[in-house]
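The numbers here are math on the coordinates, done by the rules we state, and not lab data. Bear in mind the structure is a predicted one, so any value in this text is a computation, not a measurement. Glycine also receives a Cβ, built like all others from the backbone with ideal geometry; neighbour counts cover every protein chain displayed.
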Amino acid sequence: MSYYVKAKNIVLEDRLLKDSYLKINDDGTFGRVLKEIPKDSRVIDYSNYTIAPGLFDTHIHGYGSYDVMDNDFEGLNLMSEKLLSCGVTSFLPTTLTDSFEKTTSVLENIAKNYKKIEGAKIQGIFLEGPFFSEKFKGAQNEKYMSPPSIDKLAKWDEASNHLVRKIAIAPELEGSVDFIDWAVDHNIYVALGHSDATFEEAKEAVDHGANIFVHTFNAMSNLLHRHPSMVGAAFSLEDVYAELICDGHHNHPYSVNALLRARGIDQTVLITDCMRAGGMGEGESSLGDFAVTIKDGTAKLKGTDTLAGSILELILAVKNIVKWGFVSFDDALRMASLYPAKSVGVDDLCGKIAYGRDADFIVVDDELNLIATYLDGELRYEEGENK
């Protein structure tokens, strides 16, 4: 049965509508946005709140004790359900650098089961590695790193039934240009990260179709006045997107502001890079083959100061960037929904409230606290429920 949602604000692709009604169709899709509705209509009253598109995390390894590399569908499904409590209605399950065989098995398992997912929807897969620089390996396992291989990517693309949507590489490695050409020709978006590339190497990669910088500032060659390097490329090249982890630990807020001023809001993408310990509190955990300590809001390789992903929830990243004073309320929400979808070419499927699209949306208060999450027009999470 169709119904209407009454809201103080509705975040659309290009504007913020006030005091309006959003129709949810019988089939769980978005209807029209109206100022007035027929008498005796069924209405859900969120007139003190804002309605926004469901959030889309394009870089997330795990949550709620599960990691994508566990290669277990039940765990992946549980992760997808728990993500609804973070405002996330779509995501790209993200792999780690691992063996060819393990990665292939993970992709096959996701391809076989992703349509059975009961929570946040899988809109593709992100391969973070293994084609990285050992110098900027971060929490990735150097044992499995190698130059880019078209043959490996082709087999992974096939194993995933063409679900691979995005792959990250270090563009200074031999064979990168031919690799990027092949990926782009096969509708796989290429991201640049875990890299010691020069500005010129990064620019060549972008000229051939790479369009995303992975967790900008982190695990990449830094901006110097004579050597702009990867960070300089992320700041200055045209028509690219820059990922940001806005947890207050990975980047100083004013570094975030500098990137926003250079890149623009509409080409900056909020991600979490969350690992399995997300939502689990402090203690010991793991990322791939490595032991990790969760303390004071960070995940670090045990006994070191090396960050090992994050425990960030995407709605908190939205809240942080608004709290820091750099972005408007509605633009921050687009940075975690519309612009991520555009960065990997699925904005025809998710990321905005538009007629006929799946009615995946969230309800937030004026402080960006999550009040509710809807999937296909059905209430799936409400404030106060256990995560």
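For the reader, a short list of remarks on this structure follows.
- Beta bridges per DSSP with both ends in the chain, % antiparallel, nearest 5: 55 percent
- Residue with peak Gaussian network fluctuation, the chain [Cα springs, cutoff 10 Å], from Gly351, Gly64, Gly325: Gly325
- Phi-based couplings in Hz for the stretch 202-213 (Karplus 6.51, -1.76, 1.60; Gly and Pro marked x): 5, 5, 4, 4, 5, 4, 8, x, 4, 9, 9, 9
- Summary value for the stretch 55-343: 18 percent relative contact order, contacts being C-alpha pairs under 8 angstrom separated by 6+ residues.
- Cα-Cα pairs of the chain separated by more than 33 Å (percent): 27 percent
- Cα-based helix-to-principal-axis angle, 73-83 vs the chain, degrees rounded to 10: 60 degrees
- Cα centroid of the stretch 108-158 to Cα centroid of the stretch 290-354, whole Å: 20 Å
- Overall size of the stretch 39-107 from C-alpha positions, given as principal axis extents largest first: 60, 20, 20 Å.
- Neighbour-count order for Met69, Met145, Met335, Met1, fewest beta carbons within 10 angstrom listed first: Met1, Met145, Met69, Met335
- With helices as the sole contributors, the chain gives -7000 deg cm²/dmol at 222 nm; each DSSP H run of n ≥ 4 counts as -39500 (n - 2.57), and the sum is divided by every residue.
- Cα gyration tensor category, rounded, prolate or oblate, for the stretch 291-380 with a/c compared to 1.5: prolate
- Links that overshoot a 21 Å alpha carbon limit, given the list Lys319/Lys352; Lys115/Lys143; Lys102/Lys166; Lys6/Lys352: Lys115/Lys143
- Which of Asp266, Asp347, Asp67 has the fewest Cβ neighbours within 10 Å, and the rest in rising order: Asp266, Asp347, Asp67
- Between Ser286, Ser41, Ser221, the Gaussian network model of the chain with springs among Cα atoms under 10 angstrom shows the greatest mean-square fluctuation at Ser41.
- Tensor-based shape of the stretch 330-387 (alpha-carbon gyration tensor, a/c under 1.5 rounded, otherwise prolate or oblate): oblate
- In a reduced charge model with +1 at each Lys and Arg Cβ and -1 at each Asp and Glu Cβ, the chain shows a dipole moment near 780 debye about its Cα centre.
- Model label sites at Glu385 and Ser65, defined 7 Å from Cα along the beta-carbon direction, differ in position by 1.9 nm.
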